[in-house]
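In what follows, a single structure is set out as structure tokens and then discussed.
The values are calculated or read from the model by the stated rules, or taken from the named source; none is laboratory data. Remember, predicted model here, so these are calculated numbers, not experimental data. No Cβ is skipped: glycine too gets one built from the backbone with ideal geometry, and neighbour counts run over all protein chains shown.
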Amino acid sequence: MGTYAEIFSNTWGLLLVILFFGGSIFVHELGHFLAAKMRGMKVLRFSIGFGPRLFSWRGKDGCQYLVSLLPLGGYVALPQLADMGALEGGEDSDREQIKKLPPASCSDKIIVSAAGAFFNLLFAVLLAAMVWIAGIEENAVYKTTVVGYVPEKISDINGKNYPSPARAAGLRPGDKILEVDGANVGDFMQIIERIAIGSGRSPDGSPKAVLKVLRGNAEKIIELNPILIRTNVATGDEIRMIGAVPAMDMRIAKVMENSPAALAGLRPGDTVIGIDGITLYSNKQLSDYLDSLPAGAAVNLKVLRGSKELNIAISPQKVELTRPYCEISLPDSSALSLFETDGKGGESSIKILSISGGDTALENLRPGMTLYRANGKSVTKLSQLATLAATSKSGLKLSLIDPSLKLCDCVLPQKSLFKILPPKERTMLGYELENITIISHPSIAAQFKESISRTWNAISSLLNPQSDVGINSLAGPVDIGRVIYKLSMTGFSLVLSFGVLLNVNLAILNLLPIPVLDGGHILFAIIARLRGKALPPSFFAGVQGSFSILFLALMLYVVYCGFMRWSGDAKLDDSDGAASEFYVSEITFKKHE
């Protein structure tokens with residue numbers, strides 16, 4: 001989602017957010033409500049959300065049912081379990097009712113407290129059964145643990161490049177990753193997650209990961225040092241990465257007109273498996289090899305056609321991938337890249353492609369911004385900008401506007417160097433690969449096992465001071481809603497699968513022995529039973545009140561981070577939009593006579 005308004009423009013996506021996020025909370029609170037009724041406990045209120053009520057009604061059972069303003073959770077007011085009237089919006093009339101209520105037994109408190117998590121698990125079983133029956137569509141490329149490509153460098157959200165830890169450690173295409181930090185991995189997403197939440201450290205304190213790989217017929221241990229890559233410009237979120245891409249099935253979907261592939265007789269359905277005696281595991285690996293060839297060199301491509309292997313001679317061709325662009329180098333070695341776009345009605349414009357380095361003059365600039373003036377003069381072409389830069393006797397003032405119509409100025413130092421460069425080229429064969437998906441039917445047990453494992457690993461990493469996962473990494477209502485919305489745009493089965501994870505996650509988190517949470521109520525009930533008498537009211541009220549404040553503060557912080565993360569992702573969408581305009585929409589090959 002690129003903008004805040006976008007999520008509200010799709011009724012189906014918004015409906016699923018309400019159904020699965022709000023529904024999961026409702027199911028949890030319904031568990032408490034029904035268990036309390038079954039055990040004969042008094043229910044004062046049943047609320048979805050916290051804070052000021054939006055609307056409410058009182059049932060024949062005397063319970064007040066509410067929908068409240070802040071969708072941060074919900075509650076069932078059970079004074080025999082815990083008197084939290086201040087937090088839950090209690091009324092003065094409740095005081096008299098509470099005084100007349102008999103104390104709940106230890107078993108009552110445990111059953112009612114655990115019922116919320118139990119109902120979440122029941123809901124998860126229902127959703128998992130639907131996924132098992134209907135199946136879930138997944139991208140085949142992430143179902144492997146074989147490395148397909150190891151780049152020389154990896155980039156962060158700001159375009160800053162770092163040496164690839166995987167390449168530095170000697171990881172190669174074709175290596176099959178068996179374990180990450182001693183844990184078995186079954187697909188590439190698990191590899192990425194295990195690296196991200198890892199807690200290994202080298203003697204110098206830098207992140208460390210240990211991979212067990214299968215290379216040929218021999219197992220090999222590879223130690224590497226993941227680097228923290230910034231993934232969001234607004235929050236500064238960073239995660240551990242190593243720079244490795246999964247292997248892929250290189251099945252041709254389309255052969256481009258007049259391309260070397262067409263001239264050599266490649267067909268849709270052919271699978272590319274090698275080049276010049278080298279086994280290929282990804283198209284990126286092939287692209288690097290083609291770019292390393294001298295001009296005019298021919299290659300021997302190995303393809304699989306049906307069950308038959310064919311060796312096909314083919315002469316790659318250089319083609320233009322991008323529009324012309326301008327690089328501006330500042331005295332402190334930071335740089336700004338701009339490109340010229342085709343505008344509506346034949347009018348061109350200049351946009352920022354990338355920013356690198358840390359000059360304060362560039363700190364407010366973002367990819368995707370449009371340059372409309374330089375030194376007060378309108379500019380729509382790179383040649384105009386270069387002329388102004390050459391004739392300016394002082395710094396060049398740039399006036400820009402971002403996609404949200406926010407204006408921004410910056411001044412480039414006089415000694416900045418301007419260079420207009422020709423379009424970038426790439427040596428290509430001229431085919432498009434098929435996006436291969438598979439339909440899997442994971443069992444209910446398998447889905448639960450994965451959800452429990454992911455939840456437990458995330459909690460462990462959060463509590464481990466050696467990891468790089470912090471409280472700011474927690475996903476709150478905003479993040480969860482966005483995930484559900486994005487998945488709804490891809491496929492309903494993905495939303496169902498996420499619903500399984502969400503409800504298992506809610507069940508586990510709520511059973512943690514922390515005051516205010518269900519696990520805290522269970523812990524207090526057991527302590528009171530072991531003591532043979534209730535905990536002192538003052539102690540109970542103090543602990544519950546303190547943790548209630550901490551809980552609300554945490555929730556507000558998580559919601560704030562969620563909105564900031566959303567803002568940062570919107571800026572990334574703007575950057576991706578600029579990059580898509582920089583690259584030509586249709587690659588053309590020279591026609592051979």
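Overview of values
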{"item": "Conditions (1) touching a helix residue (DSSP H, G or I) at 6+ places or on another chain (Cβ under 6 Å); (2) more than 25 Å from Gly236 (Cα to Cα); (3) assigned by TED's automatic domain parsing to the domain that holds Ser546; (4) not aliphatic (A, V, I, L, M): number failed by Asp479", "result": "(2)"}
{"item": "Residue in the stretch 399-411 that is within 25 Å of Ile133 (Cα to Cα) and either at pLDDT 90 or above or assigned by TED's automatic domain parsing to the domain that holds Ser337 (or both) present", "result": "no"}
{"item": "Test: Ser378 is more than 20 Å from Pro423 (Cα to Cα) and at pLDDT 85 or above", "result": "yes"}
{"item": "Selection count where residues are surrounded by fewer than 17 Cβ atoms within 10 Å (Cβ to Cβ) and assigned to a loop (DSSP other than H, G, I, E, B), scope the stretch 537-589", "result": "5"}
{"item": "Qualifying residue in the stretch 93-108 (condition: closer than 27 Å to Pro52 by Cβ and at pLDDT 85 or above)", "result": "no"}
{"item": "Elements of type helices (runs of 4 or more DSSP H) in the stretch 449-533, at least 3 residues being charged (D, E, K, R)", "result": "477-490, 518-531"}
{"item": "Residue in the stretch 436-452 that is within 19 Å of the chain's Cα centre (by Cα) and modelled with pLDDT of 90 or more present", "result": "yes"}
{"item": "Selected residue (criterion: nearest to Ile484 (Cα to Cα)) from residues of the stretch 562-593 that are over 27 Å from the mean Cα position of the chain (by Cα) and not hydrophobic (A, V, I, L, M, F, W, C)", "result": "Glu586"}
{"item": "Qualifying residue in the stretch 415-432 (condition: modelled with pLDDT of 90 or more and assigned to a helix (DSSP H, G or I))", "result": "no"}
{"item": "Strands (runs of 3 or more DSSP E) completely within the stretch 181-281 that count 1 or more residues being among the polar types (S, T, N, Q) and either buried (at least 21 other Cβ atoms within 10 Å of the Cβ) or out of contact with any Cys (no Cβ under 6 Å at 6 or more places or on another chain) (or both)", "result": "271-275"}
{"item": "Filtered residue count, the stretch 358-415, keeping only those that are free of Cβ contacts under 8 Å to residues at least 12 places away in the same chain and surrounded by 18 or more Cβ atoms within 10 Å (Cβ to Cβ)", "result": "0"}
{"item": "Within the stretch 222-274, considering residues that are of a type in the set (S, T, N, Q) and not assigned by TED's automatic domain parsing to the domain that holds Ser155, the one farthest from Tyr560 (Cα to Cα)", "result": "Asn258"}
{"item": "Elements of type strands (runs of 3 or more DSSP E) contained in the stretch 301-398, each with 2 or more residues being of a type in the set (A, V, I, L, M)", "result": "308-314, 335-342, 348-356, 370-374"}
{"item": "Every residue from the stretch 154-173 that is at pLDDT below 90 and part of a loop (DSSP other than H, G, I, E, B)", "result": "Asp156, Ile157, Asn158, Gly159, Lys160"}
{"item": "Ala295 vs. criteria of a type in the set (A, V, I, L, M), in a loop (DSSP other than H, G, I, E, B) and outside the structural domain of Ser164 (by TED's automatic domain parsing)", "result": "yes"}
{"item": "Neighbours by Cβ (under 8 Å, 6+ apart or cross-chain): first from the stretch 434-457, exposed (fewer than 13 other Cβ atoms within 10 Å of the Cβ); second modelled with pLDDT of 90 or more and of a type in the set (Lys, Arg)", "result": "Ile438/Lys143"}
